[in-house]
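Chemist: If you scroll down you'll find the structure; I have some questions about it.
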Amino acid sequence: MKFIEGGVCAAQGFRAAGIHVGVKTHAAWKKDLALIVSDVDCAAAAVFTKNAVKAAPIHINKIHLADGKARAVIANSGNANACAPNGEENAEKMCAAAARAIGCAPGDVVVASTGVIGQTINIQVIEEGVPALYGELAHSAEASDAAAHAIMTTDTVKKEVAVETSIGGKTVRMGGIAKGSGMIHPNMGTMLCFLTTDCAISSEMIKTALLETVQISFNRISVDGDTSTNDTCCVLANGLAGNTPITAKGPEYAAFLEALQALCMELARKMVSDGEGAKHLITCTVDGAENEKSAETIAKSVISSTLTKAAIFGADANWGRVLCAMGYSGESFDPDKVDVRFASAAGEIAVCEKGRGLPFDEDLAKKILTEHDVEIRIAMGEGDGRCTCWGCDITYDYIKINGDYRT
């Protein structure tokens, strides 16, 4: 398996586009409508937010994906179409507009929205803009780039990845674009993710693979602890690679799963690295927990801790924040067995051993924590459970961005 260029257009038979139609009225130069289309019908699956308050597109997608098939994705930024008047009706209108242009059934279109909650979406500009959007469709890296930019809100950089592997003697490619910078604490954060592959795989197995993948990627990141109303991760597989269709677990499924997980973990890291106002990507690895689930719970508690995030922002090696976050995680462990180390490209330093503070070089610690990518390494001495989760620091800019997000 290797990483390649091309995003959602890396796989055979997928085209994409992204243009400005006017959903974003304050920035006419920003793309705000994206379209991804397969040349043929696809096996499809998706996972959505566990927030009880769900955006209109999610309700529509659950209906459209009930048969495990789809042909296209249409998505807008600038408006979440959540808790909004005529939400479901407007989501269906988006699907219908895309379907007319493509020549497929509206039920074969996946729809997604992201942006401000509670405001009526300007469906007229979307419907009027779809023909031009369809005309921009291309099978190229530039087309994937345009789609990736069209789904961005407070993101400062696009999130786009593609991989290539061999399955059943055939070259299989898969790619993805995602958006997510704030309101990220997925339970499947505002996060949208669209994945494409030319692998031949059944709807049942692609759903299984997606559920396994989301658990160890998007569900192990946090920017601010807020789970969005719109979180959606969708995958389309058109089978054009020509491999024998994957219909059960085995070596071919394992190869597919490995590639999908590598793709999604990279997209997940890109999200938290671009957290709203963030200056640091925080990687927390817990070793020696009672089991993997315990390790995950503890690692997520640490990367979600506001005080730990603030300490990393200030390059303050305040390891007490880490132990505190571990302590309220809900997991049972012996604090007197815990070791904590901080690490980065600037080096590594031990700050806690057996639950007690160590004398350490504060200047070196500050140098380590000044790097963009910072690691918190925790050894627990309880068992063989291990897990890595990702987060980011919290900064003054996060407050500025979200203090006037709506206005």
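The values are calculated or read from the model by the stated rules, or taken from the named source; none is laboratory data. Predicted model only: the values in this text are computed from it and were never measured. For neighbour counting, all protein chains shown are included, and Cβ atoms are generated from backbone atoms with ideal geometry for every residue, glycine included.
Chemist: Condition (residue is modelled with pLDDT under 95 and either under 20 Å from MET152 (Cβ atoms) or in contact with a strand residue (DSSP E or B) (Cβ under 8 Å, 6 or more places away or on another chain) (or both)) applied to the stretch 15-24: is it met by at least one residue?
Modeler: If we filter the stretch 15-24 for residues that are modelled with pLDDT under 95, which is where we start, we get 24.
With the extra rule that they be either under 20 Å from MET152 (Cβ atoms) or in contact with a strand residue (DSSP E or B) (Cβ under 8 Å, 6 or more places away or on another chain) (or both), the set shrinks to 24.
For the stretch 15-24, residues modelled with pLDDT under 95 and either under 20 Å from MET152 (Cβ atoms) or in contact with a strand residue (DSSP E or B) (Cβ under 8 Å, 6 or more places away or on another chain) (or both): present.
Chemist: Among the numbered criteria (1) part of a loop (DSSP other than H, G, I, E, B); (2) on the phi < 0 side of the Ramachandran plot; (3) at pLDDT 95 or above, which single criterion is violated by VAL53?
Modeler: (3)
Chemist: Continuing with this model, one more query. When you scan the stretch 326-407 for strands (runs of 3 or more DSSP E) that lie fully inside it, which ones turn up with 2 or more residues that are of a type in the set (Asp, Glu)?
Modeler: Numbers: elements: 339-344, 347-353, 373-379, 385-392.
Counting at least 2 such residues, we get 347-353, 373-379.
Chemist: Further, regarding this structure: Within the stretch 390-407, how many residues turn out to be within 30 Å of PHE333 (Cα to Cα) and either of a type in the set (Val, Ile, Thr) or modelled with pLDDT of 95 or more (or both)? It would help to see each step written out before you state the result.
Modeler: Pass one, the stretch 390-407, residues within 30 Å of PHE333 (Cα to Cα): 390-394.
So of that shortlist, the ones also either of a type in the set (Val, Ile, Thr) or modelled with pLDDT of 95 or more (or both) come out as 394.
So the answer is 1.
Chemist: Also, quick follow-up: Could you tell me which of the residues ALA98, ALA84, ALA105 is crowded, with 23+ Cβ neighbours inside 10 Å and in the same structural domain as GLY180 (by TED's automatic domain parsing)? Can you show your working first?
Modeler: Working: ALA84 fails: crowded, with 23+ Cβ neighbours inside 10 Å; ALA105 fails: crowded, with 23+ Cβ neighbours inside 10 Å.
Matching residue, one of ALA98, ALA84, ALA105: ALA98.
Chemist: Could you pull out the residue among THR196, THR247, THR208 that is buried (at least 24 other Cβ atoms within 10 Å of the Cβ), modelled with pLDDT of 90 or more and farther than 28 Å from THR306 by Cα? Please lay out each step first, then the result.
Modeler: On the way: THR247 fails: buried (at least 24 other Cβ atoms within 10 Å of the Cβ); THR208 fails: buried (at least 24 other Cβ atoms within 10 Å of the Cβ).
Only one candidate passes the filter, namely THR196.
Chemist: Please indicate, with yes or no, whether at least one residue in the stretch 56-70 is on the phi < 0 side of the Ramachandran plot, in contact with a His (Cβ under 6 Å, 6 or more places away or on another chain), assigned by TED's automatic domain parsing to the domain that holds LEU192 and surrounded by fewer than 24 Cβ atoms within 10 Å (Cβ to Cβ).
Modeler: Filtering the stretch 56-70 for residues on the phi < 0 side of the Ramachandran plot gives 56-67, 69-70.
Those left that are additionally in contact with a His (Cβ under 6 Å, 6 or more places away or on another chain): none.
Checked the stretch 56-70: no residue is on the phi < 0 side of the Ramachandran plot, in contact with a His (Cβ under 6 Å, 6 or more places away or on another chain), assigned by TED's automatic domain parsing to the domain that holds LEU192 and surrounded by fewer than 24 Cβ atoms within 10 Å (Cβ to Cβ).
Chemist: If you go through the stretch 129-152 one residue at a time, do you hit one that is modelled with pLDDT under 95, farther than 30 Å from PRO251 by Cβ and either polar (S, T, N, Q) or touching a helix residue (DSSP H, G or I) at 6+ places or on another chain (Cβ under 7 Å) (or both)? Talk me through it step by step, then tell me what you get.
Modeler: Narrowing the stretch 129-152 to residues modelled with pLDDT under 95: 152.
Remaining after also requiring farther than 30 Å from PRO251 by Cβ: 152.
Keeping just the survivors that are either polar (S, T, N, Q) or touching a helix residue (DSSP H, G or I) at 6+ places or on another chain (Cβ under 7 Å) (or both) gives none.
Within the stretch 129-152, not a single residue is modelled with pLDDT under 95, farther than 30 Å from PRO251 by Cβ and either polar (S, T, N, Q) or touching a helix residue (DSSP H, G or I) at 6+ places or on another chain (Cβ under 7 Å) (or both).
Conditions (1) under 16 Å from the mean Cα position of the chain (by Cα); (2) within 26 Å of ALA44 (Cα to Cα); (3) not assigned by TED's automatic domain parsing to the domain that holds LYS69, marked per residue:
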{"position": "ASN238", "(1), (2), (3)": "no, yes, no"}
{"position": "THR244", "(1), (2), (3)": "no, yes, no"}
{"position": "ALA254", "(1), (2), (3)": "no, yes, no"}
{"position": "GLU258", "(1), (2), (3)": "no, yes, no"}
{"position": "GLN261", "(1), (2), (3)": "yes, yes, no"}
{"position": "CYS264", "(1), (2), (3)": "yes, yes, no"}
{"position": "VAL286", "(1), (2), (3)": "no, no, yes"}
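Chemist: Could you go through the stretch 125-135 and let me know if any residue there is assigned to a loop (DSSP other than H, G, I, E, B) and of a type outside the set (A, V, I, L, M, F, W, C).
Modeler: No.
Chemist: Determine whether the stretch 368-376 contains at least one residue that is more than 24 Å from the chain's Cα centre (by Cα) and not aliphatic (A, V, I, L, M).
Modeler: Yes, because at least one residue in the stretch 368-376 is more than 24 Å from the chain's Cα centre (by Cα) and not aliphatic (A, V, I, L, M).
Chemist: Taking into account only those residues within the stretch 57-111 that are of a type in the set (A, V, I, L, M), within 23 Å of ALA200 (Cα to Cα) and part of a loop (DSSP other than H, G, I, E, B), which is nearest to the chain's Cα centre (by Cα)?
Modeler: LEU65
Chemist: Something else: Given the structure, is ALA345 in the same structural domain as ARG220 (by TED's automatic domain parsing), at pLDDT 95 or above and surrounded by fewer than 20 Cβ atoms within 10 Å (Cβ to Cβ)?
Modeler: Values: in the same structural domain as ARG220 (by TED's automatic domain parsing): no; at pLDDT 95 or above: yes; surrounded by fewer than 20 Cβ atoms within 10 Å (Cβ to Cβ): yes.
The answer is no for ALA345.
Chemist: Are there any pairs with C-beta distances below 9 angstrom linking a residue in the stretch 251-274 that is within 16 Å of THR196 (Cα to Cα) to a residue that is among the aromatic types (Phe, Trp, Tyr) and surrounded by fewer than 19 Cβ atoms within 10 Å (Cβ to Cβ), with the two at least 6 apart or on different chains, and if so which?
Modeler: Pairs found: ALA262/PHE3; LEU263/PHE3; GLU266/PHE3.
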